[in-house]
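Visitor: First the structure, which I've put down as structure tokens, then a few questions once you've had a look.
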């Protein structure tokens, strides 16, 4: 990273968690260790131990994965300390959007943790009340996937696009019968592959409607402020700078598709020169070149202590 590049922050969502996440950050950065201690205190159980030691099935459970990912992103953010970045805008994939609002000062850490913990509970409960599933679709245009989903939806179930991740990579979500029905239809339409996902519900679909009121109530109770820098909404793919609008869109996000391709393109239009992924893994950084050639080679993933130390060294910190 050179000079004062205009930075866009990226925050990962579910699927990026893994046992051991964040332990190296806590060992090398006192500020990161304090984040994990605050997380344990805010939630009333040892989230840090679950992240560092597992077991994996507990960490992967939606109710735990969501606060775990937010805490890891917060630990990286704390480890960066006072390094001066010219942050133009941020975006987070699904759960990651809450991490983005935390980093932007819109949500306090304890409030953000308790909110995503509650979000995970509500999403799991919605999945129990109306079982659903999801599948990744490779090699089809967004419009084709949308059309086939409409055709496959019927009285016994609906299926909709849930994540527009990159051109040619869409995740669909819905009732089990409808997802099973749409899979061969998508292959017939030209999909290279349709792969079922191991999830506890049909996220970002109408099946999550049962979670809406509870999340609305939790966000109403949270102290939410206008963000210090804009956060691109998953729902609209537009930059949001108003707390009330942010709160409403975070609720809508439960039942709306994640427009990730459009979100990254919005960030490029806003002048982002360097994308910095704050959190475990490199999923979002890896998507950049498939979304827009203009973003190729512009991503930096900060998920480990080694990566953070190297980045700080580059910044002269």
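Visitor: Enumerate the helices (runs of 4 or more DSSP H) found wholly within the stretch 42-126, keeping only those where 3 or more residues are outside the structural domain of residue 232 (by TED's automatic domain parsing) and at positive phi.
Guide: Here the list is empty.
Visitor: Residues 144, 179: which one is in contact (Cβ under 8 Å) with a residue 12 or more places away in the chain, assigned to a helix (DSSP H, G or I), surrounded by fewer than 24 Cβ atoms within 10 Å (Cβ to Cβ) and outside the structural domain of residue 262 (by TED's automatic domain parsing)?
Guide: Among 144, 179, only 144 is in contact (Cβ under 8 Å) with a residue 12 or more places away in the chain, assigned to a helix (DSSP H, G or I), surrounded by fewer than 24 Cβ atoms within 10 Å (Cβ to Cβ) and outside the structural domain of residue 262 (by TED's automatic domain parsing).
Visitor: Just to be sure, is residue 150 surrounded by 21 or more Cβ atoms within 10 Å (Cβ to Cβ) and part of a helix (DSSP H, G or I)?
Guide: No.
Visitor: Sticking with this one: Hey, among 127, 108, 132, which residue is buried (at least 24 other Cβ atoms within 10 Å of the Cβ) and at pLDDT 95 or above?
Guide: 132
Visitor: Restricting to the stretch 201-228, name every residue that is in contact with a strand residue (DSSP E or B) (Cβ under 9 Å, 6 or more places away or on another chain) and either farther than 30 Å from residue 87 by Cβ or free of Cβ contacts under 8 Å to residues at least 24 places away in the same chain (or both).
Guide: Across the stretch 201-228, the qualifying residues are 201, 202, 205, 206, 207, 208.
Visitor: Restricting attention to the stretch 20-41, report how many residues are over 19 Å from residue 308 (Cα atoms) and either within 21 Å of the chain's Cα centre (by Cα) or not assigned by TED's automatic domain parsing to the domain that holds residue 68 (or both).
Guide: Looking only at that region, the number is 1.
Visitor: State which residue is surrounded by the most Cβ atoms within 10 Å (Cβ to Cβ) when the search covers only the stretch 182-205 and only residues that are in contact with a helix residue (DSSP H, G or I) (Cβ under 6 Å, 6 or more places away or on another chain) and part of a helix (DSSP H, G or I).
Guide: Across the stretch 182-205, the extreme among qualifying residues is 182.
Visitor: Sticking with this structure for a sec: Restricting the stretch 241-267 to residues that are free of Cβ contacts under 8 Å to residues at least 24 places away in the same chain and within 16 Å of the chain's Cα centre (by Cα), which is farthest from residue 8 (Cα to Cα)?
Guide: 252
The values are calculated or read from the model by the stated rules, or taken from the named source; none is laboratory data. Note that this is a predicted model, so its numbers are computed, not measured. Cβ atoms come from the backbone with ideal geometry, glycine included; neighbour counts cover every protein chain shown.
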